[in-house]
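For reference, the structure discussed in these notes is given below.
The values are calculated or read from the model by the stated rules, or taken from the named source; none is laboratory data. These numbers come from a predicted model, not from an experiment. For neighbour counting, all protein chains shown are included, and Cβ atoms are generated from backbone atoms with ideal geometry for every residue, glycine included. Calculation scope for accessible area: heavy atoms of the full protein, side chains included, ligands and nucleic acids excluded. Shrake-Rupley method; radii C 1.70, N 1.55, O 1.52, S 1.80 Å.
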Amino acid sequence: MILSVHQPQYIPWLGYFDKIDKSDYFVFLDDVQYKPREYQNRNKIRTKEGWMWLTLPIMSKGLNRQKICDVKIDNDSNWQKKHCRSLKVWYGRAKFFKDYFSFFEDVYTKRWEKLIDLNIHIIKYILKELRIDTSLYYESEINTSSQGTDRIIEICKKIKADTYLSGVGGKDYLEEEKFIQEGIKLEYQNFVHPVYHQRYMEGKDSFLPYMSAIDLLFNEGKNSIDILRGKRKHV
C-alpha cells in the first residue's frame, strides 16, 4: 500500500492532487512548522496578463515557529471579497466556471479562523470533484514523535504502508538507506504537467503550468481527472 504526505496547501496545484491520486493513503502534515511565503497560505491563478497570487493574510506578529495546525487567518482585511472577485474576473467566462463557483462563493461568505480548516475543506472538495477517493489522515492524530526521515518511516509503520511516495524534492533530504533497512519501498513522484485548454491561451506555447487545480476544473470540468492522469489531451 502506497502512502504520501504533504502540508495542507491553499487551493493546491495539480502535482499535489497527482500525488494523492497515486497513493492509497495520504497524510496531512499539520503537526509541522508553518512556513511563510510558500504555498500553505497562497497559490496562483491564471489572468489575462499571466498569473497572480491569491494570498491569505496570516496572524504572525509575535508568533514564531507556529505549527500549521495552530495558524490563524487575519480576518481584519476583507480577503474573502478579494479572492471571490478575482475568481469571477479571471474565470467567469471559463466553460465550466458555473459548475464549481457556487462552492467557492459559499466558502468566501464564511469567517474562517484556522488556516488548516479552510485549506483542507477546499482540498476535500477538489478531491471529490476529481473523483479521487484516497484515504486521508492527519499527522496530529497519528501522534508522531520522530523527525526527518524517521518521521516519515514512523508514519508509514503506523498506517501500515509498505511504499512511500515522495515528491522529487525528497531526493535532497531523505535518508534512503533507512527505508531499505525498514523494508519500506521508496518511490519518487514523476509528474508531467498536462497541457489543457486554458483561458487567455493563444496556442500551446502560451499555456501556463503550475496554477491552482481550479484552473483545470474551471476550464475542463469532468474531463479534469482524465487530463490529470494523462488519459486525455485537450489543447
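I'm told GLU187 meets every condition in (1) farther than 30 Å from SER102 by Cα; (2) at pLDDT below 95; (3) open to solvent by 30 Å² or more (accessible area, probe 1.4 Å) except one. Can you identify the failing condition by its number? Against the list (1) farther than 30 Å from SER102 by Cα; (2) at pLDDT below 95; (3) open to solvent by 30 Å² or more (accessible area, probe 1.4 Å), GLU187 comes up short only on (2).
Okay, residues lined up against (1) within 13 Å of SER212 (Cα to Cα); (2) modelled with pLDDT under 95; (3) over 19 Å from the mean Cα position of the chain (by Cα); (4) surrounded by 13 or more Cβ atoms within 10 Å (Cβ to Cβ):
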| site | (1), (2), (3), (4) |
| --- | --- |
| VAL5 | no, no, no, yes |
| PRO12 | yes, no, no, yes |
| PHE28 | no, no, no, yes |
| LYS61 | no, yes, yes, no |
| ASN64 | no, yes, yes, no |
| TRP79 | no, no, yes, yes |
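Of the set (1) within 18 Å of LEU29 (Cβ to Cβ); (2) under 15 Å from the mean Cα position of the chain (by Cα); (3) among the aromatic types (Phe, Trp, Tyr), all apply to TYR210 but (1).
Is it true that some residue in the stretch 202-210 is within 28 Å of HIS83 (Cα to Cα) and among the aliphatic types (A, V, I, L, M)? Among the residues of the stretch 202-210, at least one is within 28 Å of HIS83 (Cα to Cα) and among the aliphatic types (A, V, I, L, M), which makes the answer yes. Inspection of the stretch 117-125 identifies no residue that is open to solvent by 20 Å² or more (accessible area, probe 1.4 Å), of a type in the set (Lys, Arg), in contact with a helix residue (DSSP H, G or I) (Cβ under 7 Å, 6 or more places away or on another chain) and modelled with pLDDT of 95 or more.
For every residue, the table says whether it meets (1) touching a strand residue (DSSP E or B) at 6+ places or on another chain (Cβ under 7 Å); (2) open to solvent by 80 Å² or more (accessible area, probe 1.4 Å).
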{"residue": "TYR164", "(1), (2)": "yes, no"}
{"residue": "ILE180", "(1), (2)": "no, yes"}
{"residue": "GLY183", "(1), (2)": "no, no"}
{"residue": "PHE191", "(1), (2)": "no, no"}
{"residue": "ASN219", "(1), (2)": "yes, no"}
{"residue": "SER224", "(1), (2)": "no, no"}
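Could you list, in sequence order, all residues of the stretch 201-217 that are exposed (fewer than 15 other Cβ atoms within 10 Å of the Cβ) and either among the aromatic types (Phe, Trp, Tyr) or under 17 Å from LYS88 (Cα atoms) (or both)? Once the filter is applied, which keeps residues that are exposed (fewer than 15 other Cβ atoms within 10 Å of the Cβ) and either among the aromatic types (Phe, Trp, Tyr) or under 17 Å from LYS88 (Cα atoms) (or both), the stretch 201-217 yields only TYR210.
Yes/no matrix, rows are residues, columns are (1) more than 30 Å from LEU3 (Cβ to Cβ); (2) of a type in the set (A, V, I, L, M, F, W, C):
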{"residue": "GLY50", "(1), (2)": "yes, no"}
{"residue": "LEU87", "(1), (2)": "yes, yes"}
{"residue": "TRP112", "(1), (2)": "no, yes"}
{"residue": "ASP117", "(1), (2)": "no, no"}
{"residue": "HIS121", "(1), (2)": "no, no"}
{"residue": "LYS124", "(1), (2)": "no, no"}
{"residue": "GLU129", "(1), (2)": "no, no"}
{"residue": "LEU136", "(1), (2)": "no, yes"}
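Among what's in the stretch 30-46 and is among the charged types (D, E, K, R), open to solvent by 30 Å² or more (accessible area, probe 1.4 Å) and at pLDDT 95 or above, pick the residue that is farthest from ILE68 (Cα to Cα). Within the stretch 30-46, the match that is farthest from ILE68 (Cα to Cα) is LYS44.
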